[in-house]
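As structure tokens, the structure follows; a few thoughts come after it.
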Amino acid sequence: PKRLSLQAALDLWLDFRFECIRNRVAFQERNKAKRRSIVVALLAAVSMLDQVIALIRNAKNSTEAAPQISTLLGNLDQDQINAVLSLRLSALTRLESDQLQAELSVLDAELAQLRELLSNDDAVYKNILIELDELHVKYALPRRTEIIIESLDAENKVTPAVPNGLSAILVGRNGYVKRVPLAELSRQVRGGRGRALLRDGDLIDHVLTCHDHDTLLCFAETGVAYAVDAFHIPKCGRTAKGTPLAKLIPALPDGPDYANFEKRLQSIVAVSRSEDNENSFLVL
């Protein structure tokens, strides 16, 4: 997980949408241009219909007819030649120049719009706004779900009475967690040997500092974030073993996720509580 401001998150999303639209438009432009070249070839074939039919009938096979068709209709490429030769004679005689001309006009208009999007960045951003308006009209429905904040006890609903001190949160590889006041972790002078913070040879997997009123977001490898208040983690001494982290998370289900949560834990992020909760956002 990475902390982003709302502006940074929107900038990343806009860059992503910009790239998606450009890729989509480039794909559409290639297909429309290919279809236009085929329509141009068919119009040329209709304008010289008798010569084309005679040439195809007199040719032994399509390989022999291809260069003659190209020369007759004006240096066509392979896709245009294949489009003409793939038509049966009955279908070729039914082609109407008015319909082909109408399709050509539509293709020219669509290609002009697509090429404008490919060459003009402002046109892409306007397209993003149009698509957002369409999504709003289609999906602007009342919320069907209800967000329920689960709590360990009634203390979660009010500001805790414990002091909002600074602490270090330590999570060992065995899944035990403890909260140690920073005051107990004094600075080591040069030549010091350091101090042990875990027991029984356990290793530290996660460590962070926070205030005791902060909320800790515990991210599992599945992408789910479980929230627990820092002050609910028992305060321990430096050499204490701590408490299993899985027992402190109220929303953690039973099963493999509960039993092996210490192995599934990927990161912990401390989020400070704000007095103005309505105007505070956490973007992940």
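The values are calculated or read from the model by the stated rules, or taken from the named source; none is laboratory data. Predicted, not measured: the structure shown is a model, and the values here were computed from it. Here the Cβ positions follow ideal geometry from the backbone for every residue, glycine too, while neighbour counts run over all protein chains shown. In case anyone asks, the SASA skips ligands and DNA or RNA and just uses the protein heavy atoms, side chains included. Shrake-Rupley method; radii C 1.70, N 1.55, O 1.52, S 1.80 Å.
Listed values, structure above:
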item	result
Qualifying residue in the range 46-63 (condition: within 21 Å of residue 33 (Cβ to Cβ) and touching a residue at least 24 places away in the same chain (Cβ under 8 Å))	yes
Number of positions in the range 199-250 that are farther than 15 Å from residue 175 by Cα and in contact with a Phe, Trp or Tyr (Cβ under 7 Å, 6 or more places away or on another chain)	3
Qualifying position, being open to solvent by less than 90 Å² (accessible area, probe 1.4 Å), hydroxyl-bearing (Ser, Thr, Tyr), at pLDDT 85 or above and in a helix (DSSP H, G or I), among 105, 90	105
Candidates 248, 252 - the one that is modelled with pLDDT under 80, under 26 Å from residue 272 (Cβ atoms) and open to solvent by less than 70 Å² (accessible area, probe 1.4 Å)	252
Restricting the range 203-236 to residues that are part of a loop (DSSP other than H, G, I, E, B) and of a type in the set (D, E, K, R), the residue that is nearest to the chain's Cα centre (by Cα)	221
Residue list for the range 64-79, restricted to those being closer than 28 Å to residue 32 by Cβ, open to solvent by 40 Å² or more (accessible area, probe 1.4 Å), assigned to a helix (DSSP H, G or I) and of a type in the set (S, T, N, Q)	71, 78
Options 58, 31, 23, 82: the member that is surrounded by 14 or more Cβ atoms within 10 Å (Cβ to Cβ) and either more than 40 Å from the chain's Cα centre (by Cα) or modelled with pLDDT of 85 or more (or both)	82
